[in-house]
Protein chains: 2
Amino acid sequence: MNENPQAESREPSFTESPFRDFSKLCVHTITTKPWSVEEAAEQFARNGIGGITVWRDALANRSIQQTGQLLRDHNLTIVSLCRGGFFPHTEASSRQAAIDDNRRAIDEAAELGAPHVVLVCGAVPGQPLTESRQQIRDGIAALLPHAEACGVKLAIEPLHPMYADNRSAINTLGQANDMAEELNSPYVGVAVDVYHLWWDPTLEQEIARCGQNGHLFAFHICDWKTPTLDLLNDRGLMGEGCINIRQIRSWVEAAGFKGFNEVEIFSNRYWAEDQTEFLEKIKHGYRYHS
Amino acid sequence: MNENPQAESREPSFTESPFRDFSKLCVHTITTKPWSVEEAAEQFARNGIGGITVWRDALANRSIQQTGQLLRDHNLTIVSLCRGGFFPHTEASSRQAAIDDNRRAIDEAAELGAPHVVLVCGAVPGQPLTESRQQIRDGIAALLPHAEACGVKLAIEPLHPMYADNRSAINTLGQANDMAEELNSPYVGVAVDVYHLWWDPTLEQEIARCGQNGHLFAFHICDWKTPTLDLLNDRGLMGEGCINIRQIRSWVEAAGFKGFNEVEIFSNRYWAEDQTEFLEKIKHGYRYHS
């Protein structure tokens, strides 16, 4: 008796909607961090990958406008600019500096041709999370006129609770949805990342809510390894961990999302590998485990 | 101008209800892991510490009944036995083995004289969390007759979402409360640990709910360090991290809890130190940061 025929073959059945090509695959520049944005563009294009999300560090010492053109010349859709945020600070001057930096991120997204900036909202160790959340809300509100003027949207990304100390006081999709609803602007939505949210018992309903609001701007994938050896840089390739990515993707698609599946992997292990081989693994993980 | 007079002195004000002694302090045997349970008993008693929570490994190769008597002879209240749980498994035979092992834990608690067993409920990487939760509920339900017969209660401890892969599919106090309500027995409650739950925006209301139900069996304290270098064994001493322990304790006390404040710290760093000095630090952290 084989109770799990799926285990026999890595090829999924048609009913599970496998991807037929890589046109809806997007890879973050930080995923293949050893590559320059130009090298990433060439490699992604050569592999038929449809999208790229650009991290701001990849744009250093370059014409952002020309880089955007280069990506489009490679038939790559620029999916997002990563990342803005980090609004909370104990000092008002630091909060203002964060808002100013986020304005620059919006400018960079406009120059590059990215439709939105992903926000890692920030937190200050020891400052009450409620206070940090208020500062996040105030920071985003302060940015809205500039975002609208530039035609660049802002995607609140809830981060895993293990980052609540110093990276984000927004740790569930419910909280991100609450904030997007409160800000009530077509320029504010959320980014859903399976790594941060897979454990949440309310995830399916919060994804549906997010879709109904028109707030579902981005979908990030990777996997959660057992054991996880580092809180930041030990993310797994799709299929390498315990996240049922396909199920979460089905919820996202049922909520009306038609965008890219963005592979965002921080991994000391993979960054040390040959990136061409790593990209093959990404394609495999995308095809059979996403 | 000094906007924060508290920073002037480490002595808290009366309104913050500092502890006047260590009679409501409980230390887990695993916190001072290098000490045997006998040595821990002597040291805790010498320092006026009122309670001890015993981990099962500390009872190996001993008469459990005599160990319980030894602890009582040192005027220590036996607060909990840690730990049972780990109910989910893909095979039915393994689930039965887990239930059998939990029966033994209940027996051990009865022999020792501990009023309850803390449950780290378990999870299986790749098995849907919904399935693991059903197995947890079934496992606890199967134990209830034995728990009642022995007069030993079971405390469901929700674990931080970073342990949802292989340690617990119960990751919020809301989930633990739901399960305790569903099982609806005076022998089932929950354990609140600040390390696992501090980030949760619903924590205050869920603690209140838990108290109203008569389900608040235990309260564990330590701190969340920035950075946290290891997912398991890098917990901080109270005051060393970002958790507002005093605020959470005020919620627990407002919910009617009158039990011990249990210091549960897994730390490779502290286990490598002189444990007598570490116990002094625990007392200081308890007094000024709890």
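Looking only at segment A:256-277, count every residue that is more than 23 Å from B:Asp165 (Cβ to Cβ) and buried (at least 20 other Cβ atoms within 10 Å of the Cβ) and tell me the total. Even if it seems obvious, please write down each step before you answer.
The initial filter retains those residues of segment A:256-277 that are more than 23 Å from B:Asp165 (Cβ to Cβ), namely A:256-260, A:272-277.
Next cut, buried (at least 20 other Cβ atoms within 10 Å of the Cβ) only: A:260.
The qualifying residues number 1.
Of all residues in segment A:172-187, how many are polar (S, T, N, Q) and either without any contact (Cβ under 8 Å) to a residue 24 or more places away in the chain or not in a loop (DSSP other than H, G, I, E, B) (or both)? I'd like the intermediate steps shown before the answer.
First, pick out the residues of segment A:172-187 that are polar (S, T, N, Q): A:172, A:175, A:177, A:184-185.
Then keep just the ones that are either without any contact (Cβ under 8 Å) to a residue 24 or more places away in the chain or not in a loop (DSSP other than H, G, I, E, B) (or both); that gives A:175, A:177, A:184.
Number satisfying all stated conditions: 3.
Could you say whether any residue in segment B:211-223 is in contact with a Pro (Cβ under 9 Å, 6 or more places away or on another chain) and within 11 Å of chain A (Cβ to nearest Cβ)? Break it down stepwise before answering.
Filtering segment B:211-223 for residues in contact with a Pro (Cβ under 9 Å, 6 or more places away or on another chain) gives B:214, B:217.
Filter again for within 11 Å of chain A (Cβ to nearest Cβ), leaving none.
No; the residues of segment B:211-223 include none that is in contact with a Pro (Cβ under 9 Å, 6 or more places away or on another chain) and within 11 Å of chain A (Cβ to nearest Cβ).
Hey, B:Tyr288 hits all of (1) more than 13 Å from every other protein chain (Cβ to nearest Cβ); (2) surrounded by 20 or more Cβ atoms within 10 Å (Cβ to Cβ); (3) touching a Lys or Arg at 6+ places or on another chain (Cβ under 6 Å) but one; which does it fall short on?
With (1) more than 13 Å from every other protein chain (Cβ to nearest Cβ); (2) surrounded by 20 or more Cβ atoms within 10 Å (Cβ to Cβ); (3) touching a Lys or Arg at 6+ places or on another chain (Cβ under 6 Å) applied to B:Tyr288, the lone miss is (2).
In segment A:131-166, what count of residues is obtained for those that are within 14 Å of chain B (Cβ to nearest Cβ) and touching a residue at least 12 places away in the same chain (Cβ under 8 Å)?
So the first thing to find is which residues in segment A:131-166 are within 14 Å of chain B (Cβ to nearest Cβ), and the list is A:131-134, A:136-137, A:158-166.
Still in the running and touching a residue at least 12 places away in the same chain (Cβ under 8 Å): A:131-133, A:136-137, A:158-160, A:162-166.
The qualifying residues number 13.
Of the conditions (1) within 14 Å of chain B (Cβ to nearest Cβ); (2) open to solvent by less than 40 Å² (accessible area, probe 1.4 Å); (3) out of contact with any Gly (no Cβ under 9 Å at 6 or more places or on another chain), A:Ser250 clears all except one; give me its number.
Evaluating A:Ser250 over (1) within 14 Å of chain B (Cβ to nearest Cβ); (2) open to solvent by less than 40 Å² (accessible area, probe 1.4 Å); (3) out of contact with any Gly (no Cβ under 9 Å at 6 or more places or on another chain) leaves (2) as the failure.
What's the number of the condition A:Asp178 fails, among (1) open to solvent by 10 Å² or more (accessible area, probe 1.4 Å); (2) away from chain B (no Cβ under 14 Å)?
(2)
So, in segment B:193-235, of the ones that are open to solvent by 10 Å² or more (accessible area, probe 1.4 Å) and of a type in the set (Phe, Trp, Tyr), which residue ends up farthest from B:Thr172 (Cα to Cα)?
B:Phe217
The values are calculated or read from the model by the stated rules, or taken from the named source; none is laboratory data. Just so it is clear, the model here is predicted, and its values are computed rather than measured. Using ideal geometry, Cβ is built from the backbone for each residue, glycine included, and neighbour counts are taken over all protein chains shown. Side chains are part of the model used for accessible areas, which takes the heavy atoms of the whole protein and leaves out ligands, DNA and RNA. Shrake-Rupley method; radii C 1.70, N 1.55, O 1.52, S 1.80 Å.
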